[in-house]
Number of protein chains: 2
Amino acid sequence: MTITGENFIAGERRKGTSTFQARDAQSGEAFGESFAAASAQDVSDACAAAADAQNDFSSRPLAERAAFLRLVADKIDALGDTLTQRAMKESGLPEARLNGERGRTVGQLRLFAAEVENGGWQQLRIDHADADRTPPKPDLRLRMIPLGPVAVFGASNFPLAFSVAGGDTASAFAAGCCVVVKGHPAHPGTSELVAQAITEAVAEAGLPAGTFSLLNGTENSLGEALVTDPRIAAVGFTGSRGGGLALMQHAAARDVPIPVYAEMSSINPVTLMPARLADAAEDLAKAYVGSLSLGAGQFCTNPGIVLAVKGDALDRFLAAAKEELKSVGGQTMLTTGIHKAYTEGASRLAQRTGAELLGMGEEAPGTCGQAQVFTVSADAFLADKGFEEEVFGPSSIVIQCEDLAQVKQVLSGLEGQLTTTLHMNEADHEDAAMLMPVLEQLAGRIIANSWPTGVDVTHAMVHGGPFPATSDGRSTSVGTLAIERFLRPVSYQDMPESLLPSALRSENPGYLVRVDGDYRA
Amino acid sequence: MTITGENFIAGERRKGTSTFQARDAQSGEAFGESFAAASAQDVSDACAAAADAQNDFSSRPLAERAAFLRLVADKIDALGDTLTQRAMKESGLPEARLNGERGRTVGQLRLFAAEVENGGWQQLRIDHADADRTPPKPDLRLRMIPLGPVAVFGASNFPLAFSVAGGDTASAFAAGCCVVVKGHPAHPGTSELVAQAITEAVAEAGLPAGTFSLLNGTENSLGEALVTDPRIAAVGFTGSRGGGLALMQHAAARDVPIPVYAEMSSINPVTLMPARLADAAEDLAKAYVGSLSLGAGQFCTNPGIVLAVKGDALDRFLAAAKEELKSVGGQTMLTTGIHKAYTEGASRLAQRTGAELLGMGEEAPGTCGQAQVFTVSADAFLADKGFEEEVFGPSSIVIQCEDLAQVKQVLSGLEGQLTTTLHMNEADHEDAAMLMPVLEQLAGRIIANSWPTGVDVTHAMVHGGPFPATSDGRSTSVGTLAIERFLRPVSYQDMPESLLPSALRSENPGYLVRVDGDYRA
């Protein structure tokens, strides 16, 4: 499979005028093919094709939609080592991680295929007529329908699982929405390989070509053009807070505002409860350093702050963490830009009033990120909101609190988060219960006794949370509930059987349905 | 029960400095008590009390929450004729309508009480752990939790069913959210009576006083202060497009943006399909005039435009509608401001290029609205977007199309709507099927063979639709699905049983739950 550097507009490969190149994450040097930057015309053509394809794609039987998702997965699997090697060069991520991420990506597509077939997300409801009521009660039937074409922004930190065929794309397809992807310029070759797989799957499945397009480019104007195109009905994004906020503003300023699902920034507070900390300070410290430095700390769920009550146990934890840090090797970061932002962010953090450097990982050459852990008193943390700024990379802060009341105070004042974690023993449960209402307000996922960096792709996962963790805390971008982001309800009143969508006809095809208020599984 | 003109701040009656009076809808004259306009401090105190009460209110057992909703309903029922008489004077709506609306209001509260107990809206999901998987699969459990305190804006056109204890308040309470209502200044006495009923119910149910507050006032700054208060987590609104857009802007400009559910404007296109029109032109005309003039046309679902293909049948329909109109009496409109806007809007409509007056109702004295029907060719309609502006009141336009292709063209170009309707025979079904994808994109509810003005409060109702019908087409403001507007998901990972919310513990209390992907009703 050759990489040509072209955009994919509804099945057609198209060259552009201005061009850019991929960069080797390790060296920062440009290499290989020239990639065409999509023009305004390309954006418009991709969106027009998506709008044209939308009704055809969404009205196919759910079995066809599911088969299409599985076909995309098969074709990505078939890319095998070609895909891994390209992604390694562009992202700097190691082979095992990227093979795992490919598994996650195809697993995600197949999970959504099964979800499409399950059909519960249609929220079918039937209220039967009652002619004897005053006034007569009509027959009403409700289902969820797709919002329309979705713009997906590939993320830099998951070149497979949250990029061209990642979670946003999979859930949008599952909802019946055509997708126009804006590929992340940090991995254009990886994007092209995956886009080619999807494009082939669209053709083989006999779907309209406009079901999928990929647009490349390095300018913010490309994203703006995509989000403001009147045919785009929703946006999925994973990236920086600045990027997400800009998309929110563009979407809100449209003649017809549209929903933006932006997963933006989170520092994922972890609380070490006293009894557990006393029991296992050293084990916790080891796991902490492993979690914060995993993948050069480039996870949305990286544990950016840890809270604990001052004392011997915390001192043991800190000493062990300092020791553990020493052997953490530097790892190549995703881009030179991210490396630079990390270095600057960590240095800003070091200069904040009250911040003390606890320890660092091994010296990190070139574009590698060096792990760093700071300590700060809760009072100093509370005095400076700047401590809450996400430093994307392998750094973290331990907040030393006077008592659990102060732990609660710090947690209560934090911005919205993707996750929050409690490490606890049974002896801590009573105190933990007191914290639970605060944690529920704070984050989309509350974790007991592990570290936040693992995000399982399943039904009960929430990878979302109150602003600014995401632009819209009513949703998740990982797990099957993500499909609901791209749906809206329609009610059919007294509609003749032949004009009802098949799922709402009297012979229910086996989906969950709520009939006159009662659920029937 | 005396009306004192005070605001209700978390159970406390509070006077204000500046004051205003209610106006008799019929005469336009101010009468009776002085009402206190809420100050910025009142807004802040109400929101602070709501935030303080939020966790207590939302963590009560669902049976208590349901009992509270029923208690509110009982207390509103007990207001009986006092409430009806006051609402008649303030709104100009007739007695039978307001008694019906009271029934709708208490029915709505009781439906939400049953919905709270049903519990399906919690979207419970349990994924069991699997230690043998690589990596080990955690135990994940998901539920929906309330967003937080909700600001509700009372609507002028439903002084009971969409005001202080209306659909937005009922669904927010049902979701577990405390509510701060901004009462509509067109019916402050009605608002106070209902607020007193809720306040008593809060106290009797042993709920925290901050569960509910009512703020009165006539200035836009009051609404702005409420929507921008950092403790408010979501907004429910029914009213004008300008008002809704302003709230959306305020909400989006906050440090922490919040969802706004504004039900704004809709002209509810009705299509008369050829076979049905030929069969029943006269009956349709009679029902049309009845629907467009019902309640002086002051329904969000008023049939503002009718589409049909030119020809004998349509001529018969028009002739019959013209005749029927003659005996439509003028009815008092809700406020002098609405009357003025209606008169001006209808006159603007009359002056649009291509608009022809078909007929009018009886001459309407004072603040009464005079029914008016216009005709226009589809070509002229398509040439002037101004025809799509909602004229709130008893006016409507019949669009004469060349053929069904032009009907489809007009429908395809319309802005988002709350409803769209097809009148059809079996002979029309094939053509109707061709229109269905357009109608699904157009509106939240598709009605066959009746008129849009009836909005049943039930499970499968959607009273919502794409922008600008509402600010957020992903939801409904009528029916039990409305509860979902005020919820967000939280996932609990490996949480000890004692720290899980009771609904997610292993012994399921009887709610719908999805276990490892399978629904269990």
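Considered as a group, the residues in the stretch A:245-261 that are within 15 Å of A:N220 (Cβ to Cβ) and away from chain B (no Cβ under 11 Å) include one that is surrounded by the most Cβ atoms within 10 Å (Cβ to Cβ), and that residue is A:L247. Considering only residues in the stretch B:417-447 that are under 21 Å from the mean Cα position of the chain (by Cα) and at the interface with chain A (Cβ under 8 Å from one of its Cβ atoms), the one that is farthest from A:M144 (Cα to Cα) turns out to be B:I447.
Condition first: in contact with a strand residue (DSSP E or B) (Cβ under 7 Å, 6 or more places away or on another chain), in a strand (DSSP E or B) and in contact (Cβ under 8 Å) with a residue 12 or more places away in the chain. Can you find one or more residues in the stretch A:38-56 that meet it? Within the stretch A:38-56, not a single residue is in contact with a strand residue (DSSP E or B) (Cβ under 7 Å, 6 or more places away or on another chain), in a strand (DSSP E or B) and in contact (Cβ under 8 Å) with a residue 12 or more places away in the chain.
The single residue among B:E204, B:E200, B:E192 that is of a type in the set (D, E), in the same structural domain as B:A22 (by TED's automatic domain parsing) and buried (at least 24 other Cβ atoms within 10 Å of the Cβ) turns out to be B:E192.
In this entry, B:A448 is excluded by the filter for residues that are buried (at least 24 other Cβ atoms within 10 Å of the Cβ) and either of a type outside the set (S, T, Y) or at pLDDT below 95 (or both).
If the condition is being buried (at least 23 other Cβ atoms within 10 Å of the Cβ) and out of contact with any strand residue (DSSP E or B) (no Cβ under 7 Å at 6 or more places or on another chain), then the stretch B:469-521 contributes B:V478, B:G479, B:T480, B:A482, B:I483. Residues in the stretch B:98-112 that are in contact (Cβ under 8 Å) with a residue 24 or more places away in the chain and small (G, A, S): B:G107 only.
Of the residues making up the stretch A:131-154, those that are in contact (Cβ under 8 Å) with a residue 24 or more places away in the chain and aliphatic (A, V, I, L, M) are A:L140, A:L142, A:M144, A:I145, A:L147, A:V150, A:A151, A:V152. Scanning the stretch B:105-118 finds one or more residues that are within 14 Å of B:V513 (Cα to Cα) and facing another protein chain (nearest Cβ under 10 Å).
The set of residues in the stretch A:134-148 that are more than 7 Å from chain B (Cβ to nearest Cβ) and either over 12 Å from B:D456 (Cα atoms) or buried (at least 24 other Cβ atoms within 10 Å of the Cβ) (or both) comprises A:R143, A:M144, A:P146, A:L147, A:G148. Looking at the stretch A:85-97, is at least one residue without any contact (Cβ under 8 Å) to a residue 60 or more places away in the chain, within 14 Å of another protein chain (Cβ to nearest Cβ) and hydrophobic (A, V, I, L, M, F, W, C)? Looking through the stretch A:85-97, at least one residue is without any contact (Cβ under 8 Å) to a residue 60 or more places away in the chain, within 14 Å of another protein chain (Cβ to nearest Cβ) and hydrophobic (A, V, I, L, M, F, W, C). Per the listing A:G210, A:G223, A:G217, the residue uniquely surrounded by fewer than 24 Cβ atoms within 10 Å (Cβ to Cβ) and out of contact with any His (no Cβ under 7 Å at 6 or more places or on another chain) is A:G223.
Residue-by-condition table, conditions (1) outside the structural domain of A:A405 (by TED's automatic domain parsing); (2) farther than 24 Å from A:E388 by Cβ; (3) at pLDDT 95 or above:
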site: A:R276; (1), (2), (3): no, yes, yes
site: A:Y288; (1), (2), (3): no, no, yes
site: A:L294; (1), (2), (3): no, no, no
site: A:I305; (1), (2), (3): no, no, yes
site: A:V309; (1), (2), (3): no, no, yes
site: A:R316; (1), (2), (3): no, yes, yes
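Suppose we keep only residues that are aliphatic (A, V, I, L, M) and either within 7 Å of another protein chain (Cβ to nearest Cβ) or part of a loop (DSSP other than H, G, I, E, B) (or both) within the stretch B:466-486. Which one would you say is farthest from A:V457 (Cα to Cα)? Steps first, answer last, please.
Restricting attention to the stretch B:466-486, the residues satisfying the condition of being aliphatic (A, V, I, L, M) are B:469, B:478, B:481-483.
Within this subset, residues satisfying the condition of being either within 7 Å of another protein chain (Cβ to nearest Cβ) or part of a loop (DSSP other than H, G, I, E, B) (or both) are B:469, B:478, B:481.
Values: B:A469: 35, B:V478: 34, B:L481: 27 Å.
The qualifying residue farthest from A:V457 (Cα to Cα) is B:A469.
Residues to consider are B:V490, B:V457; find the one that is β-branched (V, I, T), in contact with a Lys or Arg (Cβ under 7 Å, 6 or more places away or on another chain) and more than 9 Å from chain A (Cβ to nearest Cβ).
Numbers: B:V490 fails: more than 9 Å from chain A (Cβ to nearest Cβ).
It is B:V457.
If I filter the stretch A:44-64 for residues that are surrounded by fewer than 20 Cβ atoms within 10 Å (Cβ to Cβ), within 25 Å of the chain's Cα centre (by Cα), of a type outside the set (D, E) and modelled with pLDDT under 95, do I get at least one hit? Checked the stretch A:44-64: no residue is surrounded by fewer than 20 Cβ atoms within 10 Å (Cβ to Cβ), within 25 Å of the chain's Cα centre (by Cα), of a type outside the set (D, E) and modelled with pLDDT under 95.
The values are calculated or read from the model by the stated rules, or taken from the named source; none is laboratory data. If you're wondering where the values come from, they're calculated on a predicted model, not measured in any experiment. Ideal geometry is used to build each Cβ from the backbone, glycine not excepted, and the neighbour counts take in all protein chains shown.
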